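Notes follow the structure.
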Amino acid sequence: MGKPTKVTNEIRRLRFEHGEMTQADLAQRIGVTRQTIIAIEQGRYSPSLEMAFEIAEAFDVALIDVFKFASSEGANA
Amino acid sequence: MSSAEKGTWLYLIVNALTYVAYLAIVLGRSGTTPLVEVDYVPVMLGAIGAAVGLTIVGRIAIEIAGPRETHRPDVRDREIDHFGEYVGGVTLAVGMVLPFGLTLAEFDHFWIGNAIYLVFSTYAFIGSAIKLVAYRRGI
């Protein structure tokens with residue numbers, strides 16, 4: 001418990017690149033609380049696959065552009 | 001802080017306070033008389049009733065005080081709730097061995113009733129505490 005997730009994300013950067021979208025705006029788009037967006041951004045919560053796709057769709061990018069699995073970063077480089 | 005997390009804090013605090021108040025009243029009434037002769041039933045029912053009432057009133061206050069928040073729990077709230085209830089449930093299942101043993105050993109109703117109340121209070125405290133840790137540090 002309390003172990004950081006291995007899934008890293010670019011949500012914070014993508015929010016700023018999309019008109020400085022607020023956490024509340026993103027939360028409203030995908031139907032979760034702002035606290036859940038904060039937890040995902042800080043790596044304290046791994047979203048479900050469905051939620052991950054919804055986040056990617058909110059930014060109009062591919063899933064891999066939002067989320068990366070830490071142990072696969074070296075393999076993909 | 002989400003509405004669900006505030007509700008968890010409320011549940012933890014109300015249950016802890018009412019249980020401590022119950023203990024203080026019962027121990028205070030014992031004085032020179034033996035503990036098992038204290039009329040604990042009205043106090044226990046009052047403490048349980050107060051816990052239920054305060055939780056309901058507090059929950060309504062939380063909903064009124066934060067109208068802009070998303071009041072409906074989302075998927076993360078539900079996952080944390082399930083996790084906390086699972087750990088709390090294990091505590092409850094293991095803890096119930098105590099009143100069961102007291103019953104088999106034919107202890108006074110005072111001890112059996114208090115053991116059950118203690119186990120339920122512990123279940124509520126641990127389950128809520130686990131949820132709050134999960135909210136802060138992740139599951």
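The values are calculated or read from the model by the stated rules, or taken from the named source; none is laboratory data. These numbers come from a predicted model, not from an experiment. Ideal geometry is used to build each Cβ from the backbone, glycine not excepted, and the neighbour counts take in all protein chains shown. With ligands, DNA and RNA removed, areas are computed over all heavy atoms of the protein, side chains included. Shrake-Rupley method; radii C 1.70, N 1.55, O 1.52, S 1.80 Å.
Structure above, values below:
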| read-out | value |
| --- | --- |
| Intensity falloff of chain B expressed as log10 I(q)/I(0), Debye formula with alpha-carbon point scatterers, at q = 0.19, 0.21 Å⁻¹ | -1.11, -1.24 |
| Value of Rg to Rh for the protein assembly as shown (Rh from inverse mean 1/r over Cα pairs, i.e. Kirkwood) | 1.14 |
| Dipole magnitude (debye, nearest 20) for the protein assembly as shown, charges at Cβ of Lys, Arg, Asp, Glu | 400 debye |
| Solvent exposure of the protein assembly as shown as accessible area per residue, Å², 1.4 Å probe | 58 Å² |
| Estimated distance in nm for a label pair at A:Ala24 and B:Ala65, the labels positioned 7 Å out from Cα along Cα-to-Cβ | 1.8 nm |
| Cα principal axis extents for the stretch A:1-61, largest first, Å | 35, 20, 20 |
| Karplus 3J(HN,Hα) series, Hz, for the stretch B:82-95 with 6.51 cos²θ - 1.76 cosθ + 1.60 (x for Gly, Pro) | 4, 4, x, 5, 5, 5, x, x, 5, 4, 5, 4, 5, x |
| Estimated distance in nm for a label pair at A:Glu10 and B:Val90, the labels positioned 7 Å out from Cα along Cα-to-Cβ | 3.9 nm |
| Helix-only CD estimate at 222 nm, as mean residue ellipticity for the protein assembly as shown, using -39500 (n - 2.57) per DSSP H run (n ≥ 4) | -23000 deg cm²/dmol |
| Added length on full extension, which subtracts the Cα-Cα distance from 0.36 nm per residue, B:Arg29 to B:Thr103 | 24.2 nm |
| Protein accessible area in the stretch B:68-139, 1.4 Å probe - carbon and sulfur % | 67 percent |
| Protein heavy-atom accessible area occluded, B/A pair - total, 1.4 Å probe, Å² | 1200 Å² |
| Cβ neighbours within 10 Å from other chains - mean over A:38-48 | 3 |
| Peptide B:130-136 - average C-beta neighbours from other chains (10 Å radius) | 2 |
| For chain B, size of Cβ-based charge dipole, Lys and Arg +1, Asp and Glu -1, in debye | 500 debye |
| Nonlocal amide H pairs with A:Val7, under 5 Å, H built at 1.01 Å | A:Ala70 |
